[in-house]
1. Answer yes or no: is there a residue in the range B:107-117 that is outside any helix (DSSP H, G or I) and within 9 Å of chain A (Cβ to nearest Cβ).
2. Can you work out which of the residues in the range A:1-24 that are near DNA strand C (Cβ under 6 Å from one of its atoms) and within 43 Å of the chain's Cα centre (by Cα) is farthest from A:Gly56 (Cα to Cα)?
3. Give the range A:170-220 a look and list any residue that's closer than 24 Å to A:Asp267 by Cβ and among the β-branched types (Val, Ile, Thr), or say none.
4. For the range A:120-135, what are the residues that are within 14 Å of chain B (Cβ to nearest Cβ) and surrounded by fewer than 19 Cβ atoms within 10 Å (Cβ to Cβ)?
5. When you look at B:Glu37, is it surrounded by fewer than 18 Cβ atoms within 10 Å (Cβ to Cβ) and either away from chain A (no Cβ under 14 Å) or away from DNA strand C (no atom under 11 Å from the Cβ) (or both), yes or no?
6. Report, by residue number, each residue of the range A:57-83 that is away from DNA strand C (no atom under 16 Å from the Cβ) and part of a strand (DSSP E or B).
7. Since B:Arg258 meets every condition but one in (1) free of Cβ contacts under 8 Å to residues at least 12 places away in the same chain; (2) closer than 24 Å to A:Ser73 by Cα, which condition does it not meet?
8. Among the residues of the range B:40-56, count how many are within 13 Å of DNA strand C (Cβ to nearest atom) and under 25 Å from A:Gly56 (Cβ atoms).
There are 2 protein chains.
Amino acid sequence: MSRPIGIRDVANKAAVAASSVSRVISGHPNVSPEMKERVLAAVEALGYEPNILAQGLRRGSTQTIGLVVPDISNPLFSELVFHAENTLNAAGYALLIANSQGVPDSDITHLKLLRQRVDGFLLSLSDETDKGTVSALKQLDKPFVLLDRDISKAKYFSVLWDHGAGIKTAAAYLADLGHRRIAMIDGNPRVHPTRARSQALQSAFEDRPEVHIAKYDASFSPDHGERTTDFLLGSESRPTAIIAGSVQILIGVLRSLRRHKLRVPEDISLVTIDHAPMLEFIEPPIATIDRDCGDFGRTAAQLLLDRLEGRPMRKHLLPVNFDPKSSCAPPADEVRPT
Amino acid sequence: MSRPIGIRDVANKAAVAASSVSRVISGHPNVSPEMKERVLAAVEALGYEPNILAQGLRRGSTQTIGLVVPDISNPLFSELVFHAENTLNAAGYALLIANSQGVPDSDITHLKLLRQRVDGFLLSLSDETDKGTVSALKQLDKPFVLLDRDISKAKYFSVLWDHGAGIKTAAAYLADLGHRRIAMIDGNPRVHPTRARSQALQSAFEDRPEVHIAKYDASFSPDHGERTTDFLLGSESRPTAIIAGSVQILIGVLRSLRRHKLRVPEDISLVTIDHAPMLEFIEPPIATIDRDCGDFGRTAAQLLLDRLEGRPMRKHLLPVNFDPKSSCAPPADEVRPT
DNA sequence: CTGAAAGCGCTTACAG
DNA sequence: CTGAAAGCGCTTACAG
């Protein structure tokens, strides 16, 4: 109810100077055992907790890390956050999360907002090519680690998944089954995952010109998935296999396939990226490119801790996994729409 | 690169005292137009931004709100957060999120951690009956609003959904179809939603003793859903309708039904709580009790703002919606296991 | 209307 | 090893 306990209250109770209390608490070496004991007893008795704002003001550090993500409801983030937080907590840092809804301006706003409250950032930018974001990052006076984002012009710390390798494996699997027209419906081309996949597919079949790849990058939305699938199914050179770039896109693809009454894999093969809870009830089981978020969270947090301690710049590339399922089969004999 | 711009730099540039700069920035009435203009020009020219820590230390307020939730990956929260944040931002507050993973001790830790960094809290407790949590709340020296949590002994601000009304509507719908044995598989009984539903079901059929209700509260997990369904399907008085208390529980229920090769609604009717993205691909469409999270987020934020401005205690009760679908049908003729 | 001074609660050189 | 003093960057009575 009354004014919270301050360092002076502790000092009075222990009959020492405030500076001594500070030394004891911060683990300064020069403290006599007797004084340390008296101070600790007083801290305990009064339930003293140092004022973080005052500490931050004086020290210039807050022992807090800011995490900015485009979509906290993505289950991938949940696990990432959990492990990142554990790693940071173990090192004495708290984790604060901000949600930017995929809006670059919101990234920037949160950066400004959190800048003075944190010692560093974990950043999953909404758009790694956005001019405002890039310049905000350049001016940012706090260390940060990019999460599955890559700004190649700049030498930033980042943790990346190897999306390129994953998509190559999946596409090669389809090609080996006999598919010659494969379509990739992917999301926002302004973030690393989409770009990495796009580039990898581009170069994947340079030595197999008989395999045709069509790519449709736009947004991680059911709408994009549905419209693009509609378009593909109506086209002259209808693909025999579709790769959906995210769960949201997959939802759209499935809507279109259902409406066209097409069967998987008899009429068309299907691969999707990332697992989702309800996926198991969809028939047939869908081949999935998946990734380990716990590992990612730990790695990212550790990288930021390294950065805070001044260790040299590093990038981490984490593997993704392709899990073939019965949604992929050899293509049916050619059936052209009349 | 160098030391950030401080209020003294602005004061020097504008040739006024720091106190005058402070008055201009905080909108103090006693400032001459000429000085105001000079100061504003200097602020602009130097790109000055007040140090939040210093302001917080001096004023005792941080213009920040803390949100603690058990599971940020729950899509319901995503929308809630978005609207709560908009409302708070409009009032000049920032929103910081912490994830407690459904662990009461983590609630308490985050409360302690954030206490000095925020002016108030939005709290979705992991366990509203936990002794540690309740006492931490009692000692908390910051205002807060409970999100779909109810600690009836205490007079706290809270926003609640009317889960009781929703479940009554759904159960009555099933009873009117002819169901006489209805099972509710629900989650954590230590939070308001489960408790409200449980109580409502208890009293719902007092005037219709022919309708039997069985309730199984435990945890919002697929495992609980699956095991309980297994048990129910093997029991003497197998229910003719099941209500799943969450998407996670539904997943378990569906796993069990699939394994038992039971058809919905021919063999058993099904109702679930909350919508999920992939739900639309499950056959048949499942009757759902749903709720508006945007409205909830706005209401909760507004309530906290009210509280911060000292307005009297209020609780808000928001409606939920029952959407019947073809997963509900009259029960088949009794088939007892031999 | 404006400025000089004190102080929010800490930490950290600086003496001793 | 310990204490007194200065100061982190602000705001707010207090004079004038």
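1. So in the range B:107-117, the residues outside any helix (DSSP H, G or I) come out as B:116-117.
With the extra rule that they be within 9 Å of chain A (Cβ to nearest Cβ), the set shrinks to B:116-117.
Within the range B:107-117, one or more residues are outside any helix (DSSP H, G or I) and within 9 Å of chain A (Cβ to nearest Cβ).
2. Of the residues in the range A:1-24, the ones near DNA strand C (Cβ under 6 Å from one of its atoms) are A:3, A:6-7, A:18-19, A:22-23.
Those still in the list that are within 43 Å of the chain's Cα centre (by Cα) too: A:3, A:6-7, A:19, A:22-23.
On the way: A:Arg3: 20, A:Gly6: 15, A:Ile7: 15, A:Ser19: 16, A:Ser22: 14, A:Arg23: 16 Å.
Within the range A:1-24, the match that is farthest from A:Gly56 (Cα to Cα) is A:Arg3.
3. If the condition is that a residue be closer than 24 Å to A:Asp267 by Cβ and among the β-branched types (Val, Ile, Thr), then A:Ile182, A:Ile185, A:Val211, A:Ile213 are the ones that fit.
4. A:Ser135 - this is the single residue of the range A:120-135 that is within 14 Å of chain B (Cβ to nearest Cβ) and surrounded by fewer than 19 Cβ atoms within 10 Å (Cβ to Cβ).
5. Values: surrounded by fewer than 18 Cβ atoms within 10 Å (Cβ to Cβ): yes; either away from chain A (no Cβ under 14 Å) or away from DNA strand C (no atom under 11 Å from the Cβ) (or both): yes.
Spelling it out, B:Glu37 is indeed surrounded by fewer than 18 Cβ atoms within 10 Å (Cβ to Cβ) and either away from chain A (no Cβ under 14 Å) or away from DNA strand C (no atom under 11 Å from the Cβ) (or both).
6. First pass over the range A:57-83, keeping only residues away from DNA strand C (no atom under 16 Å from the Cβ): A:65-83.
Hits for the range A:57-83 are A:Ile65, A:Gly66, A:Leu67, A:Val68, A:Val69.
7. (2)
8. Keep residues of the range B:40-56 that are within 13 Å of DNA strand C (Cβ to nearest atom), which gives B:40, B:42, B:50-56.
This time we only want the ones that are under 25 Å from A:Gly56 (Cβ atoms), so: B:50-56.
Qualifying residue count for the region: 7.
The values are calculated or read from the model by the stated rules, or taken from the named source; none is laboratory data. Since the model is a prediction, treat every value here as computed from it, not as a measurement. Quick reminder, even Gly has a Cβ in these numbers, built from the backbone with ideal geometry, and neighbours come from all protein chains shown.
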